[in-house]
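Working notes, beginning with the structure itself.
None of the figures in this text is laboratory data; all of them are computed from the coordinates on show. Quantities reported herein were computed from a predicted structural model and do not represent experimental measurements. Cβ placement follows ideal geometry from the backbone for every residue including glycine, while neighbour counts extend to all protein chains displayed.
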Amino acid sequence: MKKLRPIELTFCAVFVCLMAIGANITVWFPMLAIPIGGATVPLSLQTFIATIAGVMLGRKLGSLAMITYILVGIAGVPVFAKMAAGPMALINPTGGFILSFVLTAFVVGAITQYWQKASIAIYSFAALTGLVINYIFGVTYMYISMNTWLGLDISYMLAWSGMIPFLIKDAALAGIAAFFMVSITKRIPKRWLLTNTP
C-alpha cells in the first residue's frame with residue numbers, strides 16, 4: 001500500500017472532526033432543529049460531509065476518513081449523534097447510516113475521479129448517487145434491526161415513510177454540496193485536489 005502523505009493524513013483527520021461536528025451540531029445549536037409537520041428534524045450534516053469527503057479526497061481517502069471516523073467512535077470517543085460512542089451505536093437502528101458513509105464517500109469519490117471535472121452536473125449526480133446509497137443502506141438496516149433484534153414489527157414502507165423529512169433535508173444539502181465543491185475546487189491549489197490521484 002502506498003504511504004500516505006502528511007497532507008492526506010491531515011485531510012482525513014479534518015474530515016473525521018467534521019463528521020463528529022456534523023453529527024452533533026444540534027447539541028450545541030438546538031435552534032438548527034427544523035420543525036416539519038409537528039416533528040422536529042435535527043440538522044445532521046453527516047451525509048453532506050461524507051459527500052464532500054468523496055469529492056475532495058477521492059474514493060480511497062474519502063472512504064478511509066469515514067472508516068477512521070467509525071473506528072474512533074467505536075473506540076469510545078463521543079463522535080456519533082447525540083454524543084454517543086461505542087460499538088452499540090452500530091447496533092442501533094440508525095447504525096446502518098453510520099456504516100453507509102464509507103460506501104457513500106467511496107462512490108461519490110469514484111464518480112468525481114472518473115470525470116475529473118469541476119462541474120455542477122457531475123457533482124450533483126455524484127452527490128445524489130451517494131445520497132441514494134446512504135438511504136437504501138441505512139433504511140434497510142433500520143428495517144432489519146427493528147424486525148429482528150429489537151422485536152418490532154414494521155413494514156419496509158413504514159420505515160421509509162419515517163425518513164422522508166430527513167431525506168428531503170439531505171437532498172437539499174446534496175445540492176448545496178455540489179455547488180459548494182465546484183466553488184472550492186476552483187480556489188484550492190491543484191496539488192491539494194486529492195481526487196486527481198488514482
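Please identify the DSSP H helices in the chain that span no less than 30 Å along the helix axis (Cα) and have a mean Kyte-Doolittle hydropathy of 1.6 or more. Before the final figure, lay out the partial values.
On the way: long enough: 95-115 (32 Å, 1.53); 120-147 (40 Å, 1.33); 164-185 (31 Å, 1.74).
Qualifying helices: 164-185.
Give the residue from C17, L167, Y143 lying farthest towards the positive end of the charge dipole for the chain; charges sit on Cβ (+1 for Lys and Arg, -1 for Asp and Glu) and the dipole is referred to the Cα centre.
C17
Between W115 and C17, what is the spin-label point distance in nm, taking each point 7 Å from the Cα along the Cα→C-beta axis?
It is 3.1 nm.
Any idea what diffusion coefficient the chain gets from Stokes-Einstein, in µm²/s, Kirkwood Rh on alpha carbon pairs, 4 °C, 1.567 mPa s?
Details: Rh = 17.1 Å.
Taking Rh from Cα pairs, D becomes 76 µm²/s.
Computed FRET efficiency, Cβ-Cβ of R5 and K82, R0 45 Å: what is it to the nearest 0.05?
Numbers: r = 35 Å, r/R0 = 0.77.
Calculated value: 0.80.
For A75 and I168, calculate 0.36 nm times their separation in residues minus their Cα-Cα distance, and state this gained length in nm to one decimal. Mind showing how you got there, number by number?
Details: separation 93, 0.36 × 93 = 33.48 nm, distance 3.20 nm.
Computed gain between A75 and I168 is 30.3 nm.
Counting only pairs 8 or more residues apart or on different chains, how many lysine pairs in the chain have their Cα atoms under 17 Å apart? Don't skip to the end; give the middle numbers.
Details: K2/K60; K3/K60; K117/K186; K117/K190.
Lysine pairs, 8 or more places apart or on different chains, close enough: 4.
Take the Cα coordinates of the range 54-134, assign each an equal point scatterer, and use the Debye formula without solvent to give log10 I(q)/I(0) at q = 0.17, 0.21 Å⁻¹.
Result of the Debye calculation: -0.66, -0.87.
Restricting to Cα pairs below 8 Å that are 6+ residues apart, what does the relative contact order work out to for the chain? Please round to a whole percent.
On the way: 304 pairs, mean separation 46.9, N = 198.
It comes to 24 percent, rounded to a whole number.
Please give the calculated 222 nm ellipticity per residue for the chain, where each DSSP H segment of at least 4 residues contributes -39500 (n - 2.57) and the sum is spread over every residue; nearest 500 deg cm²/dmol? Show your work: numbers first, answer last.
Values: 8 runs with 132 residues, N = 198.
The helix-only estimate for the chain comes to -22000 deg cm²/dmol at 222 nm.
With a 10 Å cut-off between alpha carbons and a GNM built on the chain, which of M19, M163, M88 moves the most?
Of the options given, M88 has the highest mean-square fluctuation.
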